[in-house]
Structure formats: structure tokens, C-alpha cells
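Following: one structure in C-alpha cells, then a few remarks.
What follows is calculated from the coordinates using simple rules that are stated; it is not laboratory data. Remember, it's a predicted structure, so these values are computed and weren't measured experimentally. Note: ideal-geometry Cβ built from the backbone for every residue, glycine included; neighbour counts use all protein chains shown.
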Amino acid sequence: MARVRRPTTRAAQDFSHEARRLADLKIALRANELGGYGPGGETIYERHPDGCPSVLVDSRGPVTATFSSNGSTALVVKLPEMEVEVLSPSFDFVEKHEIGHPSVNAWIATNGGGNHAASLLNPSNHAGLAPAWVRVVKLSRPAKAVWYLARFEMGRGAALRTGLCLSLEMTPLGPAVAQRIVLENAGRAAFEGSLWTCWHLHGTQKFAYNKEIWYDTGLPLSPGKTVVCARVPYSDLLQLKYLQTETTAGLSAREATCDYLSFVGDTSRSISMPEAVRRGALLAKGSGPDMNRFSTPTLAANRLAARLAPGRTACAFQTLLFVTAPRAMDEFRRHSAAATPSFADMRRGFVRAAKGLAARGAAVLGRLDGAAKAEREGRVYFEVRMPAQQAVAHYANSVWTGVDELYENCRAHGARLAQGIELGTRDRGQDMWSKMKQDPARVRADLLHALSFMYRTVDGPIRRRQGLSLREKLHGMFPRQYPSRWDDRTQVVMNDNRPYTDSPLWLIDALCRLVRETGDTAVLGEHVGCVELTEPDAPERSGIRGRPERFTVTEVVQEVFRCFRRHCEDSPYGMAQILYGDWCDPVDMFGTGTVGDASTRGRGTGVQTRLSCHLFLTLLDTIDLLAGRGGVDAFVSEMKDFAVSLRAAIVRTAWEEGHGVPAGFVDSIHHLRQDGSRPRHAQGELGYTLGSMRRDREFDGLPRRVLTSQAWGLGMLLAERAWLPKLADAERMATDLLRTVDRLFYHEKLGLKLYTTPLANNRRTLELVGRMGIIPSGCAENGEYHHAQAMMHFFRLRRPGEVGTVWRQFKPMMSAFRDAGLCGPFETPATSYASDPADPHFGAGMYFGLSGSTNWIVDIFERIAGLELNLAATRGPVVRFAPLLPPEAKGEMTFRRVIHVCTGPGRYREVPLELTVRSSRSGIACTVNGRAVSKPEVTSLDELCGFHVRSPKGPSMQSQTKNGHEQTARRTPAVP
């Protein structure tokens, strides 16, 4: 068996130096009492946040590692046959509470005096060894890693500084999680003790009897090498893990076990502070160093003896390798075969196979030299630099690091569904906006999968008329959520399949962006499937099932907009029907056919302004996309007429002003009055409303406005196209609307609230505007400051002269400018905040890092930088630079990202771009990739692809099409 090498002296020295540097690194820009940003943009925590921890995700294709500041660690590998949770998280980031013990942990324990011990990942978990200080540092460049640093003072001059780093590595045998640890004797006395580590390596597939440990076997080959294998029934797959420990002088591996019982102890103990750690040795029960299987859970625990003179350091490098290489699995299966069913024979075979695997593993892990990290270092997918606003720039960059976590873990949903997880359709659509800046091939595959869930509920044509049935309304809609993976589309998938009416709009938004940002027009001709409802008259309890018909993506887009046009013509208001309610607004009841009757949801013709304005803006983008492409001229003409009539209906029906009423848009309108009678539309009467400033209209008689409708309404008012008739008074309406926003919505601490007047949680509210049978306390009851304010900032930036106001109102939304009362990480956006000053949690965040929070913020910064892409343009520039620097930027900003140029269907070439903007009295000067540009645009793809970065501010980058730099879309749907 190959000998495990010690870490090289250089590697250990470099690691020790980095640990010391990060421990002593000064906070250059403090966010709040929790910590702040280092001089290189490092995220530094000196105290753990309350509520929700900080999270870092490293995603490499089918492999996703999640590390959090509180020690929760996860590793998920998506194989073609199944999704394997190699390491399970110990914290639920949506519910914000523990759901288990850390799957990776390490402890330092002293010899003698009661064996005091403490966790190195979270030293607040200790037994008589409290830390003098702790520090958690997140690094995102050149490679992602989380560092856990601490100092322990043990009296009589004894002190120890510790550093633990977790990161993801990729090898030819499979992904690996590296846990590197350094101990430094910072005291005057020698230190003697033990370093303990534990990896909880259960089998991850639950089968017939819900007893996943039946299939586990684990064996320490030596104190520094462990192999664990979980066999998968009805499959040739093995869940095969190899753990290797390497040490420098001062540390030596002494004991190892794969038996939970030998490490943790009896059932009164907790793995957060195992009995073996307290006692200083493995327990004399269980399998100890022998092979463990069947009866007790499998883990990989190691004890390393530590002996350090004052001033000396020692390192332990541990790497957990999850084997995905088929050949390695085949060899292990073959070599582990036993001649007889005796334990001795099974052990003999396992040892034989494990030695072969260990030799392979030691060889590949010994070659880890950071090559993959060096390759990724030069590719900056998103970066903001603002010398005069460095804290803002660091915040923007740290928000970007959450894109992977958002896309892979889908915090808004994520429950198991079919062969994947449940994805919110609108959430996924928004998540694609940011992800395509990093991996358009992945987004393309995921988008085609999402577009295959269009409902077909009616056979034959549907007449455009009033009085549509529910089935006719659903024809062309999409479910509110769908499975990320659905291997057998004849299998019925049960879920709540009522549509959120805007779900397809977010997908079409993502489609338009993908084509604009990459030039991949071939996606429009791709074919996708469709689905049917098993109970089309009761979608809330219906399943979905695949149908044989297939549509091109362009045909799907046509079906969606014709569905919306039918909805608008069916409503007396000429606007988009709300059907089953809308996100972040408690408006399910506006789709009811009878006032207050929840059983008639979806059967009424109530409308919503935000939805209608969103429909209008998506129509414009789609017309831009399809115009002149051939074969769709009639449809484009039809949609132009639809857009004109829709905008006229919105303004005619939902705009309010005059007689002391703050100008703005009504949010939602029922098709009936509160008493159930029909309004006299010819006399200008409306059904009852949410978001009206007229007491006679509003459902509870209290005047209010809703922010989302003002945001999307503003976007509609500012939209212009050559073929679109000018809207009379659009500029005045926009001015009056923004005056209302500034006066009624803005709060200097929390930004823009969602409702000017909260909704009381009572029976009247529930019956007239309730959502899901309740009034969500975190949504409407408190008024709430919500990430929807980012939509207002985004659209407001389209209006000249507004960037200063946007900047002032946007800053309170940035977590980096909030105190620890936010109850979450300062580098991650919060979805919403409690808004009642009497609430003990006033200003505290609810969720952290959800779709609307992250993606809209990324968009705002790109809009401020002024980068506009249209790589699918048949004429005119493919890239334009129109920066919008706020006064606080002092006239300087640098924006870096990668542009993905389509080289064929689903194939993209990466073109790094660095845009530097400097303004002076003579105007704005733009430098692109180190070269001054005479005009703020790039006219052709050839010119764009010839760009090379020569900026002294960053590493040299060139557009590449090899070594993984040309991304190719997968033909099978990616598993998020």
C-alpha cells in the first residue's frame, strides 16, 4: 500500500503563514459589531451572527459544497443515477435552526486537568476551554474557502492559536473536501494534548425500511487512512469514501475508528462533544479500530497526538475523497468480494479492496497543487470596484458569492419532488439571471427543462371572449413549482399545481436575457414537452403528467402570450387576471369568483397591476427578440397590438390621482364589489381593491399603496419603443408616482416598505384579501420592508437624474450598512425586515439570500456600471456602455465580468471584460480592458471577441475556448 506522504515543508509553511495572516488581518471596513471586510475584500466575522449564519458555496458542475460560519457543512454530488448527499448540513437556512450535528468537526483537547476540550469550527461548543477570541473568514478569490480561527488561553502561560480551513477540491477520482488544520503554541509553556477530527459518513440513500445504515461498511486501515463504502441496492453504484490524514512534526496520528459507538458513547451523549474527546481516548466498546458495519452508524474519527514547544506550529491536512470514477468502483467491488459469508472473509476482502483504493487515493491527493484554483483565478464573472465606496463594492461582490448557493440549494423551495427537488418557477426564472453570467450552458439546459411544463388543459381552439372556464384560463399557464428532475414523464407528480400567473413571465424574461447576453438564438428552435393536469378543474389537488406533444421554444412563448391575451379580454378591466394570487402580496382572494369564497379561487376575473405591467414589459422584450426573425411576423404584429391595448387598460383602470390622493397605481382589483354586486364600469366604478388611496374602494376603508405595483408601473411608464405610441403625460405621471414613493414608502433605516399601511390580521382581511387561508405575519401584517424595493431602484435607474436618490434609498437595503440587529450575515441580502418599531425584532431580517434579494441587487450594480448587452442584435451595437455613477462614487468605478459569446447551440466562448469609468468636468471616459474607447459601444461580435484584458489592476485574462473555458449545454436537464 502506498505510503501517505507528509505535507511538504513548503505547503505547511504557506498554510501556517496564511492562517497567521488571516488571524491578524485588520478589518479595513467595519460593517457592524460582528465584523467587516478586509483590505482585499475578505469577509471577516469576529462574532457569530444571531439568527442566520454566513454561507459560502463552491459549485463545480455536478458537485456542490456548502460551508457556513457556524460549522454546518454539506457536500452534494449529482450523479446521473441519483443525487448523493455525501455530507449532510446541520442547519436549516430557511427555518434558521439546527437540524442535526455538524457532519465535519474537529476538537482540541488538553492532557490532564480534566481533558478540557473545544471545537475548532465553533469554539462556543466547549468543555472548560473557552476561546479568548474567535474569527471566521470567508475567501472567494482566488479560490473559495472558509477559515475558522481561534485563540485559547489555558492558564500558567499556556496559549494555543488554531486555524481550520474547509475547501472543495476536484480530483480525477472524484470531488474532495479538504480540512486543513494548524496549531500554534502561542504560550510560554509546552502544549500536550490531542487533536480530534470526525466525519459523519453515513450512507445517504434511504430504502425499504428507512434504515440507511444497513448498507455501510467502514474500516481504518491505519490511524491516518480510512475507507467507508455504502452499497446501493439494485445498482452497480458504490458510495465510496477515502479519508486521508497527513501531519507535520508535532502531530502524529494515533487512533481511528469508524464506529459511532466507540467515539460518541452512549445515547445520552452528543456528537457535538463526544465522550472519547472528553476522556482523551477511544472508548472500549464498539468495533474500535476494526471494521464497522450494520449495527451502529458509520463515521470516520481520528485522534492525533499533539506536542508543541513554545513558538512551534504543526499542521494536519485531511482530505475526504468521494469516489465517482467508475473504474475505481469496479475494482473495489471486485476486490472486496468474499468467498464465504464469514466476518473474517468479508473483512479480508474489504481490506484488500480498501488498500487498493487507498493507493489510488494517496496518489491523486498527493498531486493536488492548486491547478484548478489557478485556472479559475483568472475568470472573474462579476466584480465591482468603487474606490470612494469600498464597503458598497465589497458588499456587491459578497452578494455575488451567494449566486451558487441560491441556484443549487433553492432556499425558497427545495423539498423532494419526483427525482429532484421542488423549484419555484418564478424563483428559478430570476435565479437564472445571475447564474447565466457564470454558466449559460447550465442555465440553457435548466431553462429548456422549465419550459417543458406548459399546461395543456383544452383540446381544440379557445374562442377569445368573456366567460372563460377555469380549464380555458389554465391552458398555456405553468405550475407555481416543478420538479428539478423528472425521469419518467408518464409518472404523475402530485403537488399544489395551481399556477402563479406570472410564472411563465419570469421564464420568458430569462429566455430573453439568455439570447441578449449570449447571442444564442438557436435556443428558440429547441423542442420541449408539455404537461396535462390529472384534474384540470381542481389544480390545487391535481397531479401533472407529461403529454406527447412537443413545441419549439418560440411556440411556447406564443402560447403563453395568447393565454394572457385571453385573460385580459375575459376581464372587464382589460388587465391580466390574478387567478391564484401573487408572491409577497396577500391577494389570493382577488381571483375568487365569489367575494370571500376561497373555494372559487381562479374562477374570478380580478386583476393585478404589478402582474399586468410585468406582462407589458416582457411583451416588449419578446417583440424585440422575435421581430425580423422570420415566420413570426403575424404574431409580432398581434403582440404589438396587445401591448398597446394592455398599457391603455392599465392606465385607464389602475392609475389614481387628484383630489388630495397621492398619485400612483392601485395594486389589485376584484371583479366584484364587497357586497357581491357588479361595478358599473361605464361610470368608472371598480370592484373592491388592495392598494387604493380612495377609502371607498379599499377593502378595509384604509388608504394605502403597495410598492411592487408602483415599481412595475414606473417601468411601464418609462418604456419606449419606436413602434409604441407615446403615452400622454407619462413623464408627469412618473414624477408624481416617485413623489409618492419618496414621501410614503421611504424610511432612512430600512429603505422602502412594501405597504404604506399594514393589513390588520382579522376576519375581514382574511376573507377579502387573504393568502393561503391566512394573513402571513411576516408579509403583510407588519407592513414589511421587502426586497421588492430593489425592483423600484432598478426601474428608477431608467429615468435620468435619479441615480442619487436610488443610491440613498438603496443603501439601507444593503446588509453591510445594518447593525447586528439584522439577525443575519452582513454580506448577504435579507428578503425582508420586521417594520413595526414596537416589534422586539424591529429591523431583523426574515430570509437571507433568496432570489429577489440577490438577483435584483446584481442587476442594480450592473446597471450602475452601465453595461448593456445585445449579442443577438442584427444591427446596431452588441455592447453599450452607459454608466450611471452616483455622486458618492466620486467619479470612478470598475466593473468586471465575463461575456459569454455563443459559438453554436449551447456552446459559449468566454470573453473577460473590464470596464473602468471615470468622470470629470469634461464628461465620462470609459476604458475597456485597459484601452480607452472613443465611443461607448462595441459594434460587432468580432470586435468583442478580440478583446484582451491588459489592466494592471487584475490578473491577465484572455478569451478562451479550451480547457473547460468553452461551456456546452447538457442535453439532459441539469439537476439544481
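For this structure, a couple of remarks:
- Volume per residue of the C-alpha convex hull in the chain, rounded to whole Å³: 173
- Spin-label model, residue 156/residue 920: points 7 Å from Cα along the beta carbon direction are separated by 6.9 nm.
- In a DSSP loop and with at most 13 other Cβ atoms within 10 Å, the chymotrypsin sites (Phe, Trp or Tyr not before Pro) in segment 635-730 are 723.
- FRET efficiency, residue 222 to residue 270 (Cβ-Cβ, R0 30 Å, nearest 0.05): 0.60
- Listed by Cβ neighbour count within 10 Å, with the fewest neighbours leading, 726, 78, 753 appear as 726, 78, 753.
- As a proxy for reagent exposure, ranking 345, 216, 488 by other Cβ atoms within 10 Å from fewest up yields 488, 345, 216.
- Full extension of the chain between residue 312 and residue 352 gives 10.5 nm of extra length, using 0.36 nm per residue less the Cα-Cα distance.
- Ranking of 892, 656 by count of other Cβ atoms within 10 Å, fewest first: 892, 656
- Paired Rg and Dmax values of segment 593-813, which use every Cα atom, in angstrom: 18.2, 55
- Efficiency of FRET between residue 47 and residue 24 - r from beta-carbon atoms, R0 25 angstrom, step 0.05: 0.90
- Using distinct alpha-carbon pairs, which all enter the 1/r mean, Kirkwood radius of segment 796-848 in Å: 12.1
- Segment 9-326 has equivalent-ellipsoid semi-axes of 30, 24, 18 Å, by the square roots of 5 times the alpha carbon gyration tensor eigenvalues, sorted largest first.
- The gain in end-to-end length when the residue 702 to residue 190 segment is fully stretched comes to 177.1 nm, 0.36 nm per residue minus the alpha carbon separation.
- Axis angle, to the nearest 10 degrees, between helix 553-570 and the longest C-alpha principal axis of the chain: 50 degrees.
- A simple spin-label model places the labels of residue 730 and residue 343 8.1 nm from each other, with each point 7 Å out along Cα-to-Cβ.
- Helix 343-365 axis, angle to the chain major axis (alpha carbon atoms, nearest 10°): 70
- For segment 1-97, applying the loop criterion from DSSP together with a ceiling of 16 other beta carbons within 10 Å to the GluC sites (Glu not before Pro) yields 33, 46, 81, 95.
- Calculated [θ] (222 nm, deg cm²/dmol) that DSSP helices of n ≥ 4 give over the chain, each run adding -39,500 (n - 2.57): -8000 deg cm²/dmol
- Å³ per residue enclosed by the Cα convex hull of segment 89-175: 152
- Comparing Cα centroids, segment 101-154 and segment 743-764 end up 43 angstrom apart.
- Cut-off 11 Å (backbone N to label point 7 Å along Cα→Cβ of residue 681), residues of segment 538-572: 568-572
- Segment 403-528: radius of gyration over Cα atoms, expressed as a fraction of 2.2 N^0.38 Å: 1.10
- Spacing of the modelled spin labels on residue 466 and residue 17, each 7 Å from Cα toward Cβ, amounts to 7.9 nm.
- Segment 244-352: translational diffusion in µm²/s, Stokes-Einstein, Kirkwood Rh over Cα pairs, 37 °C, 0.692 mPa s: 202
- Cα long-axis angle, helix 851-865 against the chain (0 to 90 degrees, to the nearest 10): 80
- R0 of 41 Å, Cβ-Cβ distance residue 695-residue 569: FRET efficiency to nearest 0.05: 0.85
- A convex hull fitted to the Cα coordinates of segment 664-724 yields 97 cubic angstrom per residue.
- Subset of 78/437; 26/435; 437/935; 640/935; 144/753; 138/437 violating a 27 Å alpha-carbon distance limit: 26/435; 640/935; 144/753
- Under Stokes-Einstein, with the Kirkwood radius over Cα pairs as Rh, the value for segment 724-774 at 20 °C and 1.002 mPa s is 153 µm²/s.
- Loop-located trypsin sites (Lys or Arg not before Pro) in segment 591-685 (DSSP state other than H, G, I, E, B) with a sparse environment of at most 10 neighbouring Cβ atoms within 10 Å: 680.
- Radius 11 Å from Cβ of residue 123, net charge of other residues (Lys, Arg +1; Asp, Glu -1): +2
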